[in-house]
2 protein chains.
Amino acid sequence: MNISQAAKLSKLSVKTVRYYADIKMVEPARNIRSGYRSYTNDDVAKLNFIGKARRFNFSIEECRELLSLYQNKNRSSKEVKKLTLAKIASIDEKLKEFHSLRDELSYLVNCCNGDDRPSCPILDELSK
Amino acid sequence: MNISQAAKLSKLSVKTVRYYADIKMVEPARNIRSGYRSYTNDDVAKLNFIGKARRFNFSIEECRELLSLYQNKNRSSKEVKKLTLAKIASIDEKLKEFHSLRDELSYLVNCCNGDDRPSCPILDELSK
DNA sequence: ATAAACTCTCCATTAACTGGAATGTAAAGA
DNA sequence: TCTTTACATTCCAGTTAATGGAGAGTTTAT
């Protein structure tokens, strides 16, 4: 498939997908006639995965590492396992923080009455 | 307190804290003699909050909005509530994705035996 | 055949920092 | 008091991960 189809399926912009090709993250085949990039389903799966990881602030380099968990046949599974566990730990770290951010906002919502009075117990919470 | 103390407490770099002052996100008082930035506990609480929100990819502009939920006394609580609920929804969205990323990695770990054999059921999972 | 839609490369710009130089201030020890 | 060390300031350049636009070629649809 062409780049716009791949972008659509992976919910990334065409620009971003092209960028990932430029930096050799997901390198599609090329149509020899037109020079157009030609994406497979596997390519799209990788793009999806990268999109997900990027949305959680894994850097491009970390994404490369994560992708290599899938791809690098020369790595022992021991090493792969170690790397993956480290990534999971860092995800769990973020997950914890995530909940605390959500809780802070939830608390705000609950303590606001939602009418039109312009008051809310505000900096009390902030400076706790 | 001085900037390095504020940075330490908020787990941000001094550079970042100074940057947030430059862009008028958290503007500390100034020591009139030295010109040094002087942070209060409230300032640190704000920095903490911004740090948390940034780690979840809320943009600087969104962080400003979130901060205004706490600070803007001129906003009706109705409006505040609406904004906050929208933010919570977007957090929940991210949370869902987060879990799916974690699951994908967990699955990888579980299907690896963790010994030294260089094999792992890899692109099978990717191309599912 | 020609327009619309899509693709390409290349170059500039953006957001949110990050690093480094040059310089000023403050705290601690001799 | 002097001075060394640690910390602070501004300013400017560089980085990461895109994003936007120009100019030109390709494909598809009428």
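When you look at A:A53, is it at pLDDT 95 or above and within 15 Å of DNA strand D (Cβ to nearest atom), yes or no?
no
State all residues of segment A:49-67 that are more than 16 Å from DNA strand C (Cβ to nearest atom), open to solvent by 10 Å² or more (accessible area, probe 1.4 Å) and closer than 16 Å to A:A89 by Cα; if no residue qualifies, say none.
Hit for segment A:49-67 is A:E65, nothing else.
Please identify the pairs in which a residue from segment A:26-43 that is not assigned by TED's automatic domain parsing to the domain that holds A:S4 has its Cβ atom under 8 Å from the Cβ atom of a residue that is part of a strand (DSSP E or B) and open to solvent by 70 Å² or more (accessible area, probe 1.4 Å), counting only partners at least 6 apart or on another chain.
none
How many residues does segment B:15-68 hold that are in a loop (DSSP other than H, G, I, E, B), of a type outside the set (D, E, K, R) and over 20 Å from A:N57 (Cα atoms)?
The total comes to 11.
Out of everything in segment A:5-25 that is surrounded by fewer than 20 Cβ atoms within 10 Å (Cβ to Cβ) and of a type in the set (S, T, Y), what residue ends up being farthest from the chain's Cα centre (by Cα)?
A:Y19
Return the total of residues in segment B:26-48 being within 13 Å of DNA strand C (Cβ to nearest atom), surrounded by fewer than 18 Cβ atoms within 10 Å (Cβ to Cβ) and within 14 Å of chain A (Cβ to nearest Cβ).
Residues that pass the stated criteria total 0.
Among the residues of segment B:100-128, how many are in a helix (DSSP H, G or I) and either surrounded by fewer than 13 Cβ atoms within 10 Å (Cβ to Cβ) or at pLDDT below 55 (or both)?
7
The values are calculated or read from the model by the stated rules, or taken from the named source; none is laboratory data. Nothing here was measured: the structure is a model prediction, and the numbers come from that model. Here Cβ is always computed from backbone atoms with ideal geometry, including for glycine, and neighbour counts include all displayed protein chains. Note: accessible area is taken over every heavy atom of the protein model, side chains too, but ligands, DNA and RNA are not part of it. Shrake-Rupley method; radii C 1.70, N 1.55, O 1.52, S 1.80 Å.
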